1. Among the residues of segment 217-239 satisfying the criterion of being touching a residue at least 60 places away in the same chain (Cβ under 8 Å) and outside any loop (DSSP other than H, G, I, E, B), which is nearest to the ligand (Cβ to nearest atom)?
2. What single numbered condition from (1) within 20 Å of the chain's Cα centre (by Cα); (2) within 22 Å of Pro243 (Cα to Cα) fails to hold for Asn296?
3. Might you let me know whether segment 198-206 holds any residue that is over 21 Å from Gly237 (Cα atoms) and either away from the ligand (no atom under 13 Å from the Cβ) or surrounded by fewer than 21 Cβ atoms within 10 Å (Cβ to Cβ) (or both)?
4. Only one of Ala235, Ala256, Ala283, Ala261 is more than 20 Å from the chain's Cα centre (by Cα) and within 29 Å of Trp46 (Cα to Cα). Can you tell me which?
5. Which of (1) within 13 Å of the ligand (Cβ to nearest atom); (2) farther than 22 Å from Phe329 by Cα; (3) free of Cβ contacts under 8 Å to residues at least 24 places away in the same chain is the odd one out, the single condition His154 does not satisfy?
6. Say whether the condition of being among the acidic types (Asp, Glu), farther than 19 Å from Val67 by Cα, out of contact with any Lys or Arg (no Cβ under 7 Å at 6 or more places or on another chain) and in contact (Cβ under 8 Å) with a residue 24 or more places away in the chain is met by at least one residue in segment 280-296.
Amino acid sequence: MVSMNRRSLIRGSSLALAGAGIALGGGTAVRSATFPQQPGDAYGEWSAVTYLPLVSQKLYAENEKAVRSSPYASHLDADLSVPSEAAKAIQSGPLDSSRTLTPSAENLNVLIDPEYKTAEHGYAVLGDQMAYAQSHMFMPGVTTDMFKWWFTWHPIEKERYMLWFPQAHIDNSVEDPSRLANPSLSYEERLYGNPNRIQEWIGPSRLDAIIHFTDPSLLGFDGDKLRKLGFTASASGVCYATPAPDIPFTLMVHLARDTPAGLELFSRYWIGAHPDMARFRNAEKAPGMLRQIGFNAEVAEMTAYEMSVHDLTEFNHLARVLPALYRDFS
Ligand code: ZN
């Protein structure tokens, strides 16, 4: 019997379904005045993210205090911005099912197929119990080494995690921090099989989950195909809710490779229950657990949209702050 309620997994109310958005406008001025390091021409106009849920505004005040008294104070950057086209794309409604993928192993390999074309950013509800978000972006000035360093460095202290998305990230820890920090081990040996508990706001909903990062081939990717296509880093895995740590409820994919335009990143989030999750142990328990906490199609749609906004915001922000953090702390 799972003893938890919806508030302990995805906290939020249907009143908040309108949720977070991105205020468009002033992008060109914002970009040229504040963000000269962004490759404006690659994306065109940028927009400041000026709408944040009240919980995020309150969290920022707390996070600012914490980071100001840490060694990372000078790296705290509260200005969020995203390419305007991407923001508009996710504000035009859910993707048609012809442009989404279900979480089967076969579809993971479709996702990396150079012939496969879909929207760069978008969200959808798959079935009636799964939120889905997708993105494809470039992180200018970021390399594979920086990306790998980030995923083995930031979970050690919550103040580091806060730098990534100061208005949404609450706390972060791993089961074995000394292994995560051990420089004599490879990235994979440090991160994989080292459960990572995250606490953050996804829009107005609080997420408390444990990510089990793992080798992408164990998720269903063809490892040879990944190598042939030049993918050099993965931060992918299955996630479990902290109150129900044996039931997989999310498959998350971040696959990266170096390009002249910066690190290219493909991301996917499948949050909820779906028959194509069956290859993960205990997946059959997810539908009942989700019903019990009220995770229905309406909540799934809100979660998908907010996840898409969160992903767009945090990975563009990471691109902005990571090169200097790597320079100063790696
Ligand atoms: Zn986040």
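The values are calculated or read from the model by the stated rules, or taken from the named source; none is laboratory data. Because the structure is a prediction, the values reported are computed rather than measured. Note: ideal-geometry Cβ built from the backbone for every residue, glycine included; neighbour counts use all protein chains shown.
1. Taking segment 217-239 as the starting set, the residues that turn out to be touching a residue at least 60 places away in the same chain (Cβ under 8 Å) are 219-222, 225-226, 229, 231-233, 235.
So of that shortlist, the ones also outside any loop (DSSP other than H, G, I, E, B) come out as 219, 225-226, 233.
Values: Leu219: 20, Lys225: 28, Leu226: 24, Ala233: 18 Å.
Here the answer is Ala233.
2. (1)
3. The answer is yes, given that some residue of segment 198-206 is over 21 Å from Gly237 (Cα atoms) and either away from the ligand (no atom under 13 Å from the Cβ) or surrounded by fewer than 21 Cβ atoms within 10 Å (Cβ to Cβ) (or both).
4. None of the other options fit; the residue is Ala261.
5. For His154, the failing item is (2).
6. Within segment 280-296, none of the residues are among the acidic types (Asp, Glu), farther than 19 Å from Val67 by Cα, out of contact with any Lys or Arg (no Cβ under 7 Å at 6 or more places or on another chain) and in contact (Cβ under 8 Å) with a residue 24 or more places away in the chain.
A quick yes/no check of all residues on (1) touching a helix residue (DSSP H, G or I) at 6+ places or on another chain (Cβ under 9 Å); (2) more than 16 Å from the ligand (Cβ to nearest atom); (3) closer than 30 Å to Gly141 by Cβ:
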residue	(1), (2), (3)
Ala273	yes, yes, no
Asp276	yes, yes, no
Arg279	yes, yes, no
Asn282	no, yes, no
Thr303	no, no, no
Asp311	no, no, yes
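Residue-wise test of (1) modelled with pLDDT under 90; (2) in a helix (DSSP H, G or I).
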| site | (1), (2) |
| --- | --- |
| Gly19 | yes, no |
| Ala29 | yes, yes |
| Ser32 | yes, yes |
| Pro36 | yes, no |
| Gln57 | no, yes |
| Glu62 | no, yes |
| Pro71 | no, no |
| Asp77 | no, no |
